[in-house]
Amino acid sequence: MTPPSEPPAAAPSLQDGGRPPEDRRHRNRRRFLTLVVIVLLVGVPAGYLAIAAEQSRDSGRKSEAEAAATGLQPIRPAGFRKRIYDLPIPAGATKVRYYETNNWKNSRLYTQFDVTSGRLDTFLDQMGTDRSALRPGAVTISARDQKIATWDFSVPDHLWAGLVLKQKQPLPTVDVVVDLSDPAVPRVYAVSTAKP
């Protein structure tokens with residue numbers, strides 16, 4: 001008589017779909033990758049939103065500070081302001097300051113800056129004029145605008161020269177006074193008046 005044979009070894013059970021069961025290492029790797037994907041899908045956009053919110057808050061604070069300012073501020077006006085007021089402040093200008101006023105009749109941009117003699121010529125050229133248009137001794141900025149910007153053109157021993165650039169609407173009118181006391185570094189004062 002033959003001894004009973006041992007039952008054959010059980011084949012590894014197959015999961016749904018005919019795959020062998022997942023071992024611990026593969027399961028942990030799959031869970032880790034799932035966690036990474038979730039963090040990237042949720043965390044990255046949330047991070048961008050937080051950064052954008054902070055930048056928006058900073059921009060709002062800066063705009064609020066500029067709007068609440070009275071008198072010239074020691075900063076360069078934004079590019080869109082220079083375009084609106086048609087006032088091309090040269091790139092190399094120093095000690096740039098500006099102030100903006102608005103009402104229902106007109107808007108004004110008050111600016112002052114120092115330039116080299118060559119950059120003064122460039123500034124005037126970009127405005128569509130030249131140095132010959134500057135009238136020696138002429139103070140073309142009104143007393144009202146001088147008071148708003150706290151400029152004093154009655155200071156003795158200064159060589160003032162001025163011009164008024166009248167342009168066809170909708171372009172603004174620009175009053176310019178230049179202090180030529182130091183010919184190497186003239187100081188420009190300008191008021192650009194735009195009407196809505």
Top-ranked residue of the range 86-112 - restricted to ones that are of a type outside the set (A, V, I, L, M) and part of a loop (DSSP other than H, G, I, E, B), ranked as most open to solvent (accessible area, probe 1.4 Å):
104
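Among the listed residues 125, 145, identify the single one that is under 23 Å from residue 73 (Cα atoms) and either without any contact (Cβ under 8 Å) to a residue 24 or more places away in the chain or not basic (Lys, Arg) (or both).
Working: 125 fails: under 23 Å from residue 73 (Cα atoms).
Result: 145 is the single residue among 125, 145 that is under 23 Å from residue 73 (Cα atoms) and either without any contact (Cβ under 8 Å) to a residue 24 or more places away in the chain or not basic (Lys, Arg) (or both).
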Within the range 113-127, tally of residues that are touching a strand residue (DSSP E or B) at 6+ places or on another chain (Cβ under 7 Å) and either open to solvent by 40 Å² or more (accessible area, probe 1.4 Å) or more than 19 Å from residue 184 (Cα to Cα) (or both):
1
Hey, residue 196 hits all of (1) more than 25 Å from the chain's Cα centre (by Cα); (2) modelled with pLDDT under 90; (3) not polar (S, T, N, Q) but one; which does it fall short on?
(1)
What's the number of the only condition in (1) open to solvent by less than 70 Å² (accessible area, probe 1.4 Å); (2) touching an Asp or Glu at 6+ places or on another chain (Cβ under 9 Å); (3) not hydrophobic (A, V, I, L, M, F, W, C) that residue 131 fails to meet?
(1)
Check off (1) at negative phi; (2) more than 22 Å from the chain's Cα centre (by Cα) for residue 78 and give me the number that stays unchecked.
(2)
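Please verify whether residue 83 is part of a loop (DSSP other than H, G, I, E, B), within 19 Å of the chain's Cα centre (by Cα), at pLDDT below 90 and among the basic types (Lys, Arg), treating the condition exactly as stated. Let's see the steps before the verdict.
Values: part of a loop (DSSP other than H, G, I, E, B): no; within 19 Å of the chain's Cα centre (by Cα): yes; at pLDDT below 90: yes; among the basic types (Lys, Arg): yes.
Here the answer is no, as residue 83 does not meet what is asked.
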Can we say residue 161 is in a strand (DSSP E or B) and either surrounded by 21 or more Cβ atoms within 10 Å (Cβ to Cβ) or touching a residue at least 40 places away in the same chain (Cβ under 8 Å) (or both)?
no
Only unsatisfied item for residue 177, checking (1) open to solvent by less than 20 Å² (accessible area, probe 1.4 Å); (2) at positive phi, is (2)
Among the candidates 190, 138, single out the residue that is touching a residue at least 60 places away in the same chain (Cβ under 8 Å) and either surrounded by fewer than 18 Cβ atoms within 10 Å (Cβ to Cβ) or not in a loop (DSSP other than H, G, I, E, B) (or both).
190
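The values are calculated or read from the model by the stated rules, or taken from the named source; none is laboratory data. Just so it is clear, the structure is predicted and the values come from calculations on it, not from any experiment. For neighbour counting, all protein chains shown are included, and Cβ atoms are generated from backbone atoms with ideal geometry for every residue, glycine included. The accessibility values were calculated without ligands, DNA or RNA, using every heavy atom of the protein model including side chains. Shrake-Rupley method; radii C 1.70, N 1.55, O 1.52, S 1.80 Å.
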